[in-house]
Amino acid sequence: MDLKDYIRSIPDYPKKGILFRDITTLIENEKAFTNCIDAIVEKSKSFNFDKVAAIESRGFVFASAVSYLVKKPFIMLRKKNKLPAETHSIDFELEYGTATIEVHKDSIKKKNNVLIIDDLIATGGTAEAAAKLVSISEGSVAGFIFVINLFDLGGCNNLRKQNYKVENLIEFPGH
């Protein structure tokens with residue numbers, strides 16, 4: 001099954017010049033979604049990890065299913081002011097603005113190896129922020145798995161240059 005066939009492309013969203021890769025068409029198809037989760041689980045076997053983390057919000061869809069199947073705890077990396085307990089916070093740049101993500105201070109323990117899963121990587125700013133959150137929590141990043149890599153925007157390459165292990169299922173150009 002070619003998962004690319006289940007990704008809808010929407011021009012000029014969320015702003016002019018961006019070609020948005022919409023995963024809702026993939027997750028709405030039970031065969032495509034199952035195939036996608038199975039492929040992520042298969043790729044996860046090459047990582048040494050204790051916990052699965054995901055970046056809000058679309059990453060939650062994939063990582064929670066993977067977490068369940070691999071029987072590892074699931075950690076939510078959320079937008080600012082969405083977590084009720086004490087948090088670590090990181091501000092970062094997006095392709096079209098700035099943002100903040102947070103993690104509960106007690107979610108990642110010292111020396112936990114954390115596999116970070118997200119739906120898409122573009123320039124890698126969000127992924128780098130997620131890695132910093134794991135680091136400030138005294139954990140280690142086991143690596144990253146993305147459903148979609150926008151290869152010409154360089155995010156996966158940037159992470160690899162920082163010595164992170166990175167996998168993805170499918171690739172599209174970013175523009």
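Amide H to amide H distances under 5 Å link residue 165 with 144, where only residues 5 or more positions off or on other chains count and H is placed in the peptide plane.
Rounded to the nearest 500, the 222 nm mean residue ellipticity of the chain from helices alone is -8500 deg cm²/dmol, with -39,500 (n - 2.57) taken per DSSP H run of at least 4 residues.
Counted residue by residue at 0.36 nm each, then reduced by the alpha carbon distance between them, the extension gain from residue 69 to residue 56 reaches 2.7 nm.
For the chain, a simple Cβ point-charge model (Lys and Arg +1, Asp and Glu -1, everything else neutral) yields a dipole of about 520 debye relative to the Cα centre. May I ask for the distance between the Cα centers of the stretch 3-38 and the stretch 107-130, given as a whole number of Å? First find each Cα centre; the distance between them is then 21 Å.
Annotation: amide H-H contacts under 5 Å for residue 113 (H modelled 1.01 Å from N, sequence separation of 5 or more, or interchain): 50, 51, 140. Distance between the modelled labels on residue 93 and residue 163, one decimal in nanometres: 2.5 nm (7 Å Cα→Cβ projection). With a threshold of 32 Å on the Cα-Cα distance, the over-threshold entries among 4/111; 16/110; 45/110; 45/79; 4/110 are 4/111; 16/110; 4/110. Taking the DSSP beta bridges with both ends in the stretch 47-172, the antiparallel portion is around 30 percent. The P(r) of the chain has a tail past 26 Å containing 24 percent of all C-alpha pairs. A simple packing score, the average count of other Cβ atoms within 10 Å per residue, orders the peptides 156-164, 139-147, 34-42, 6-14 as 139-147, 34-42, 156-164, 6-14, with the highest score first.
Taken together, the values in this text are just the output of simple stated rules run on the coordinates, not laboratory data. Everything quoted here is computed from the prediction, not taken from an experiment. Because the Cβ atoms are built from the backbone with ideal geometry, glycine has one as well, and the counts that use them run over all protein chains shown.
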